[in-house]
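**Student:** Have a look at the structure that comes next, please.
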Amino acid sequence: MILERDVLYINGQLVKEVFQIGRNRFYKTVNNEILPFPSNTSVEMKCTRCGNFIHQKKFWSHLQKYSKQKYLCQSCRMFLFNPFKGKKHSKESKEKQRLKKIGKYIGKNNPMYGKSLNDYMDDNKIALRKLHISESVKGKNNPMYGKDWRIGKTKEEILSRNNNIKNTFAKKTKEEKAEISRKISESQKRLKELDPEKYREQKAKAGRISVKNQSMYKINKIEKKVYDWLLEHNIAFEYSCIMGDGINNYQYDFIIKNKRILVEVQGDYWHGNPMFFNKDGSDNKRKLNDIQIKKKNYDILKYNFSIEKKFKLLYIWEYDINNDDFSALKELLDENKITRN
């Protein structure tokens, strides 16, 4: 039989004609070379619609059928000759299909139950998949790019989402929390180097949110004693004052009304009271640890900022508060100070 179309390929070579002599079958290539028809060789037929090569086991019957007409693969035949094409399912058929699927893939019936997609991929494929996902939602490809998810949400929905995030974070181990903090820190450093203007905007936004949510700072025991002492002496004040320049924002424990005076209540341990701590642990004092050193450096930044903004900053230590010694705040008792409203 003569094949007028390029439908048959044997070992990747186009076949022009196939024929049979007795029980023996032969084929002729485009170079007019006659070879015996193989029994265990790759024999493929090319779909004239999609161009895909389909491996055929029952190739002789297919040749007889498609030698004088277009060969179509199963997918193309289903597409072109589907009797249901262009029709819609009825509500009854949809409901019947839905009922069939209920519970079919739930729990252990699901073939992926207890498994992860990563179980079927090596490290390279996992890395490529993560990269692909990251690139697909990066920048303007992200459907939430430039949008605020809070728009259109009720206060209850926003509160519920925030609580879910807090609960999820609380369940993480100490190592996982440290890793999250490290990644956030690195991303902030990269942003500061690559786009300083955007970094400044984000810090300013965080500062505004912090100022708006001053109520998040809860008064502790020693601060409560200072709070009561200020009330007792009729000194006008406000608890928890946040000040900043848009990039750096600092929280101070008390601000005295109508006077440029700030008050900081210093815990003996967290702020490293010089009565009990020093850098080298000499004079029978304890050596400052990394946390205390970090706190002291931060206190210096807060002090410098208050001086820059022409505020006077007063410190009172936990040891003195517990011994009812408020002499560090005696300046607030001067006669020329404004009394509480």
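The values are calculated or read from the model by the stated rules, or taken from the named source; none is laboratory data. Given the structure is predicted, the values throughout are model-derived calculations rather than measurements. Backbone-built Cβ (ideal geometry, glycine too); neighbour counts: all protein chains shown. All accessible areas refer to the heavy atoms of the entire protein, side chains included, with ligands and DNA or RNA removed. Shrake-Rupley method; radii C 1.70, N 1.55, O 1.52, S 1.80 Å.
**Student:** Which value, in debye to the nearest 20, gives the size of the charge dipole of the chain about its Cα centre, when Lys and Arg are +1 and Asp and Glu are -1 at the Cβ?
**Tutor:** Values: 72 positive and 42 negative charges, 624 e Å.
In debye, rounded to 20, the chain gives about 3000.
**Student:** Please compare each pair in Lys171/Lys295; Lys130/Lys166; Lys257/Lys330; Lys171/Lys205; Lys147/Lys205 to a cut-off of 18 Å on the Cα-Cα distance and tell me which ones are over it.
**Tutor:** On the way: Lys171/Lys295 27 Å; Lys130/Lys166 25 Å; Lys257/Lys330 16 Å; Lys171/Lys205 28 Å; Lys147/Lys205 15 Å.
The pairs that break the limit, which is 18 Å between Cα atoms, are Lys171/Lys295; Lys130/Lys166; Lys171/Lys205.
**Student:** Another question, if that's okay. Stretched out fully, how many nm does the piece from Leu14 to Asn304 gain, at 0.36 nm a residue minus the Cα gap? Intermediate values should be presented prior to the final figure.
**Tutor:** On the way: separation 290, 0.36 × 290 = 104.40 nm, distance 8.42 nm.
Residue separation times 0.36 nm, minus the Cα-Cα distance, leaves 96.0 nm.
**Student:** Heavy-atom accessible area per residue, the range 77-189, 1.4 Å probe: how many Å²?
**Tutor:** Values: 10710 Å² over 113 residues.
On a per-residue basis, the range 77-189 sits at 95 Å².
**Student:** Using a ≥ b ≥ c from the Cα gyration tensor of the range 116-206 (square roots of the eigenvalues), is it rounded, prolate or oblate, where a/c under 1.5 gives rounded and otherwise the larger of a/b and b/c decides, a/b for prolate? Provide the component values of the computation, followed by the final result.
**Tutor:** On the way: a/c = 1.42, a/b = 1.21, b/c = 1.18.
Since a/c stays below 1.5, the shape of the range 116-206 is classed as rounded.
**Student:** A follow-up question, please. If you take the square roots of the eigenvalues of the alpha-carbon gyration tensor of the range 248-341 and sort them as a ≥ b ≥ c, do you get rounded (a/c under 1.5), prolate (a/b over b/c) or oblate?
**Tutor:** oblate
**Student:** By DSSP, what percent of the beta bridges with both residues in the chain are antiparallel, rounded to the nearest 5? Intermediate results must be reported in sequence, preceding the final value.
**Tutor:** Details: 29 of 37 bridges.
In the chain, approximately 80 percent of DSSP beta bridges are antiparallel ones.
**Student:** Write out the trypsin sites (Lys or Arg not before Pro) in the range 123-187 meeting two conditions: DSSP loop, and at most 12 other Cβ atoms within 10 Å of their Cβ.
**Tutor:** Working: sites: Lys125, Arg129, Lys130, Lys138, Lys140, Lys147, Arg150, Lys153, Lys155, Arg161, Lys166, Lys171, Lys172, Lys174, Lys177, Arg182, Lys183; in loops: Lys138, Lys147, Arg150, Lys153, Lys171, Lys172.
Qualifying residues, ordered by number: Lys138, Lys147, Arg150, Lys171, Lys172.
**Student:** Let me ask something additional. State the percentage of accessible surface on the range 220-332 attributable to carbon and sulfur atoms; use a 1.4 Å probe and exclude ligands, DNA and RNA.
**Tutor:** Details: 3220 of 6490 Å².
Here it works out to 50 percent.
**Student:** Say the dipole of the range 257-320 comes from +1 at the beta carbon of Lys and Arg and -1 at that of Asp and Glu; which of Asn284, Ile316, Leu262 then lies farthest toward its positive end?
**Tutor:** Of the candidates, Leu262 comes out farthest on the positive side.
**Student:** Using the alpha-carbon centroid of each, what span in Å lies between the range 290-308 and the range 108-154?
**Tutor:** Cα centroid of the range 290-308 versus Cα centroid of the range 108-154: 41 Å apart.
**Student:** Divide by every residue of the chain the summed helix terms, -39500 (n - 2.57) for each DSSP H run of at least 4, and state the resulting mean residue ellipticity at 222 nm, rounded to the nearest 500 deg cm²/dmol.
**Tutor:** Roughly -12000 deg cm²/dmol at 222 nm, from the helical runs in the chain.
**Student:** In nanometres, what is the gap between the two model label sites at Thr48 and Arg25, each 7 Å from Cα along Cα-to-Cβ?
**Tutor:** 2.1 nm
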